[in-house]
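Student: Starting off with a structure, shown below.
The values are calculated or read from the model by the stated rules, or taken from the named source; none is laboratory data. What you are looking at is a predicted structure, and each value in this text was computed from that prediction instead of being measured. When we count neighbours, we look across all protein chains shown, and the Cβ atoms used for this are built from the backbone with ideal geometry, even at glycine.
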Amino acid sequence: MQLINDRSEYAQFTDEHLTSTDWQHAAESYLDARVEGRAFTAHGHWPRAVQRTLKQPLEQHVIFSRIIRDEFTGAVMVATDIAAVNLATLCAWAAEPPQNQTAQSDGIDCHRRTPE
């Protein structure tokens, strides 16, 4: 599973795994997400096996999965974890002023665009 640590890795993940650049329709790209962890911080202690073993607070992180659905019922049959990003870091990127971003949102419909 890829650990996304910076904005460029996140942009590359989006380019490789979304059929469109619109996160509002991620399910059409067969992506799903879940949040794991307990601590809403971004100190870099996630998701490491040692934290789970020692019962230390694991930082909250979003795990993206590639899914295969049953065509008749729509139920998820198989989910494969493909990447994770720290939730606090993801929120910080979303709140960052556009002039500081390398991959920006146009602010209207959540489409990514690259600055000229």
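Student: Across segment 25-41, which residue is modelled with the highest pLDDT among those that are farther than 17 Å from residue 93 by Cβ and part of a helix (DSSP H, G or I)?
Tutor: 29
Student: Please identify the pairs in which a residue from segment 20-47 that is more than 17 Å from residue 5 (Cβ to Cβ) and of a type in the set (Ser, Thr, Tyr) has its Cβ atom under 7 Å from the Cβ atom of a residue that is surrounded by 12 or more Cβ atoms within 10 Å (Cβ to Cβ) and modelled with pLDDT of 70 or more, counting only partners at least 6 apart or on another chain.
Tutor: Close Cβ pairs (under 7 Å, with a partner that is surrounded by 12 or more Cβ atoms within 10 Å (Cβ to Cβ) and modelled with pLDDT of 70 or more) amount to 21/14; 29/17; 29/18; 30/66; 30/67.
Student: Any residue that is at pLDDT below 70 and surrounded by 10 or more Cβ atoms within 10 Å (Cβ to Cβ) - is there at least one of those in segment 13-20?
Tutor: yes
Student: Test residue 66 against the criterion of being basic (Lys, Arg), modelled with pLDDT of 80 or more and touching a strand residue (DSSP E or B) at 6+ places or on another chain (Cβ under 8 Å), and give yes or no.
Tutor: Spelling it out, residue 66 is indeed basic (Lys, Arg), modelled with pLDDT of 80 or more and touching a strand residue (DSSP E or B) at 6+ places or on another chain (Cβ under 8 Å).
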